[in-house]
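Reviewing the structure listed below.
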Amino acid sequence: MARLNDEGQWIVMMGFIISISILILAIAVGESSLVGKTTSESVLEFSKCDIQDLRSEIMTLKERGILDNPEIKNDLSEISIQRVSAVTYFSSWKEYNYNYIFLHFNNGVTTYNEVYDEYTP
Amino acid sequence: MPGIKKGYHESGQLSLDFIVGFTIFMIAFIFVITMMSGLFIGLFSRTVDYDAVAYRTAVILVEDPGEPRAYVGTSSWHLLDLSYQLNRDSIKRLGLSLERQSPGHLQSQKVEKFFTYAPLPGCSGNDVFCYPDDYRNKLLFGDYPYSFNISYRILGKTDQYSVGEIPPPKHGYIRRLVKVKEPGASMNVDLTNLGNEYIHVSMNFHELYNLTNPLYRIDPLNEKTTIYLRNFLIPNTAMVKTPFVIIFPTSGGEPTEVMAPANSPTIRVYSEPGVPCSSYSPGCIMSDQSYIEIEEGFFKRVGLDEYSYIKINLTFNQSIGGFSDYVFDYTTATIPPPSTAVIEVNVW
Amino acid sequence: MVNNIGQLYTIEGVAAGVLMVFTAYLVINSTTVITPQDIHIIDLQLEQLGNDALSVLDTPNSSVLNPDPAENKSYLQRQIENDGGNAFGQNFSFLINSKVNPYESDNLNFNATIYYRDSATGQLRMEEFYQSANYYRENAVKVKRWVYVNPTGQNNPFGLEERDQVVLVEVLLWRG
């Protein structure tokens, strides 16, 4: 024959259009399926209780006046690394009329740094 | 028309080739659509995560002091009179915690204020929260009108506070345990019977408010204060003058005296538990059961703040007092231990 | 009847079908669908409740200004210093199982252990504190609390060093 019969090409064209539309829908609009993280998972992942507990403990130590004890610092760092899987560090110093405490917490997902100051004339 | 080659008769029949090809195409198309239907489920979800809303509500209640919070120049939200619409609108969040730095420690006055409510329309113009609108706007947030039930009970007691209806079987739920600061510091004054007819109880507010942990703080401005009198050796000793407060200005200068007014909030003298003194002439008979109660809000009424220094004068008709002041501070006064409470939040 | 004209539509149809299926396969393979799971909400509720209960037990009745050690030490600190595992267990169980309705009670169980550091060797030591039930394979969460202790002069059977120290109380908590 002199010329290819292209009357059936509409079927392939339909197939092509459908494939492209699937691609566009899936990639552009279907992105929502990639971020299907539940609220519970996000809440569990953020270590709010760890940070609040650590802060409360540092305040307890401050009220008892034993923040400078090196053994306590080692206790906190060592147990924190091994059992909480977090790097925890604190230090305290005094400048002019202020007492300062620096607190650091990092569990790989969340990092928390705080400098707490208290005016003590 | 497909399926008919040029020159053929228009018999109206599809060729076998067309049918086969189109069938294969349709089968594949249906197969693909079936595979794709799983991908788009997330787009059409209509479920609301009620547990997440309950959790968020509980966090605001238990860990947030609310807005407006007690700060220099502003009152905490529980001290505002809701009869005024301006005050009601200025409350942005209902949080029960004492302070921002003390999550999980609640203030009992905030709890009591939180659970005073009335349904519309009886609530506007009164000092109560509107159920459910105020709670939806100031606690649950969001466009969806959630139904809720928040309940509270101090462990060891059976009475509960509650706001909201009975939850249906399926609902979002969270339970929290908290410590609640019980208001009211008290001090025992052991009379020394040395020779004065009056005694002075001195209070340095700056020292009292300097304690960093708010759960153990003595708070005479916002809570009631009780002074118990002990060791009356002479029978029929009576208080013969209304108690008055000597205020020493923080910037120095002459002290001023303020008599305790007749109406609340004021300093009330009780000769026996529950029996207030009605008059001081001829005198109110005192015994070891007597006590003085400085009502909540009295010190604010006379214009004191966290830096004030005052002495309270109590005058009797016998020489029962000593020559030095009775100092009201953390070594002489005690506060009740904090109670434990359980809060449940249901959302649906 | 069958001639080379007959392959026209069949081939087109097959080609279209193959194209669509291949695209669908590529798309599905590359997107990961995470379906929301409700199971985590139980973990969230348990973890929050366990942390709350430990915090309540670790709050003393008054500040350090009060010289009475029964008042300025928290309940948890006193039980650790005196090996009061049973007392702690009863109290913790009461707290986590209490509901607002005083006639109802929840059904949660737990195991508590204490981790402390030996200052001479730097090693961590562990001590079983309380077990309310045997743990098999239930879905459990672990909550923890730092506690300051100083067991000087106390009844101290499991050999905490008599110095100011910070120990970690870990509680494994599950329903049922």
- Message: In whole Hz and in residue order, list the ³J(HN,Hα) couplings for the range B:266-280 that follow from phi through the Karplus curve 6.51 cos²θ - 1.76 cosθ + 1.60, θ = phi - 60°; x for Gly and Pro.
- Response: 8, 9, 10, 9, 10, 6, 9, x, x, 10, x, 6, 8, 8, 10
- Message: Excluding ligands, DNA and RNA, what is the accessible area buried between chains C and A, summed over both sides, using a 1.4 Å probe, to the nearest 100 Å²?
- Response: 4200
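Among rounded, prolate and oblate, which fits the range B:218-269 when a ≥ b ≥ c are the square roots of the eigenvalues of its C-alpha gyration tensor, a/c under 1.5 means rounded, and a/b larger than b/c means prolate? Mind dumping the intermediate values first?
Values: a/c = 1.86, a/b = 1.54, b/c = 1.21.
In terms of gyration-tensor shape, prolate.
Counting alpha carbon pairs within less than 8 Å and at least 6 residues apart, what relative contact order, in whole percent, applies to the range C:40-175?
Relative contact order of the range C:40-175: 27 percent.
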- Mean separation of Cα pairs under 8 Å and 6+ residues apart, divided by the residue count of chain B: what relative contact order is that in percent? 22
- Would you please classify the overall shape of the range C:40-175 from the alpha carbon gyration tensor, given that a ≥ b ≥ c denote the square roots of the eigenvalues, rounded means a/c under 1.5, and beyond that prolate means a/b larger than b/c while oblate covers the rest? oblate
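May I ask you to give the percent of accessible area on the protein assembly as shown that is carbon plus sulfur, with a probe radius of 1.4 Å? Show your work: numbers first, answer last.
Details: 17560 of 31880 Å².
Carbon-and-sulfur percentage of accessible area, whole number: 55.
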- At R0 = 35 Å, FRET efficiency that the Cβ-Cβ distance of C:R137 and B:L155 yields, to 0.05: 0.65
- Item | Probe 1.4 Å, accessible area per residue of the protein assembly as shown, Å² | 49
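A:M13 to A:Q52: extension gain in nm, 0.36 nm per residue of separation minus the Cα-Cα distance?
Working: separation 39, 0.36 × 39 = 14.04 nm, distance 6.15 nm.
Extra length available between A:M13 and A:Q52 comes to 7.9 nm.
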- Message: Rounded to the nearest 100 Å², what is the buried accessible area between B and C, both sides summed, probe 1.4 Å?
- Response: 3700
- Relative to the first principal axis of the alpha-carbon coordinates of chain B, what is the inclination of helix B:16-37, with its axis defined by its Cα atoms, in degrees from 0 to 90 and to the nearest 10? 10
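Exactly which chymotrypsin sites (Phe, Trp or Tyr not before Pro) in the range C:91-150 are in a DSSP loop and have at most 14 other Cβ atoms within 10 Å?
On the way: sites: C:F92, C:F94, C:Y103, C:F110, C:Y115, C:Y116, C:F129, C:Y130, C:Y135, C:Y136, C:W146, C:Y148; in loops: C:Y103, C:Y135, C:Y136.
When the chymotrypsin sites (Phe, Trp or Tyr not before Pro) of the range C:91-150 are filtered for loop state and at most 14 Cβ neighbours within 10 Å, C:Y103, C:Y135, C:Y136 remain.
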- Output row, site B:Y280, 7 Å Cα→C-beta label point, backbone N cut-off 14 Å, window the range B:306-344, residues B:312-318
- Query: How far is helix A:70-79 tilted off the main Cα axis of chain A, in degrees rounded to 10, range 0 to 90?
  - Reply: 20
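Step through the table entries A:K73/B:K110; A:K73/C:K73; B:K311/C:K73, compare each Cα-Cα distance with 31 Å, and write down the pairs that go over it.
Details: A:K73/B:K110 38 Å; A:K73/C:K73 21 Å; B:K311/C:K73 33 Å.
Correct reply: A:K73/B:K110; B:K311/C:K73.
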- With the charge dipole of the range B:109-245 built from beta-carbon charges (+1 for Lys and Arg, -1 for Asp and Glu) about the Cα centre, the Cα from B:L191, B:H171, B:Y135 projecting farthest to the positive end belongs to B:H171
- When the Cα centres of the range A:66-121 and the range B:195-214 are compared, how far apart do they sit, in Å? 34
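So which trypsin sites (Lys or Arg not before Pro) in the range C:118-176 are both in a DSSP loop and have at most 15 other Cβ atoms within 10 Å of their Cβ?
Loop-located and lightly packed - C:R137, C:R163.
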- Message: Helix-only estimate, please: 222 nm mean residue ellipticity of chain B, summing -39500 (n - 2.57) across DSSP H runs of length 4 or more and dividing by its residues, to the nearest 500.
- Response: -4500 deg cm²/dmol
- Query: How much solvent-accessible surface does B:H206 expose, in Å² to the nearest 10, with a 1.4 Å probe and all protein chains in place?
  - Reply: 80
- Item | Tilt relative to chain B, helix B:50-63 - C-alpha long axis, 0 to 90 degrees, to 10 | 20
- Query: How far, in nm, would the chain grow between B:F115 and B:S287 when pulled straight, counting 0.36 nm per residue and subtracting the alpha carbon separation?
  - Reply: 58.1 nm
- At a 1.4 Å probe, which residues in the range A:53-69 are at least 50 Å² less accessible with all protein chains present than in their chain isolated? A:D53, A:E57, A:E63, A:R64
- Task: Work out which residues of the range B:163-180 lose at minimum 10 square angstrom of accessible surface when the other protein chains are put back, relative to the chain isolated, with a 1.4 angstrom probe, and list them by number.
- Result: B:Y173, B:I174, B:R175, B:R176, B:L177, B:K179
- Query: With contacts defined as alpha carbon pairs under 8 Å and 6 or more residues apart, what's the relative contact order of chain A in percent?
  - Reply: 14
- At q = 0.06, 0.09 Å⁻¹, the log10 of I(q)/I(0) for the protein assembly as shown from a Debye sum over equal Cα scatterers comes to -0.50, -0.90
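The values are calculated or read from the model by the stated rules, or taken from the named source; none is laboratory data. None of the values given here were measured: they were computed from a predicted structure. When we count neighbours, we look across all protein chains shown, and the Cβ atoms used for this are built from the backbone with ideal geometry, even at glycine. These accessible areas exclude ligands, DNA and RNA; they are computed on the full protein's heavy atoms, side chains included. Shrake-Rupley method; radii C 1.70, N 1.55, O 1.52, S 1.80 Å.
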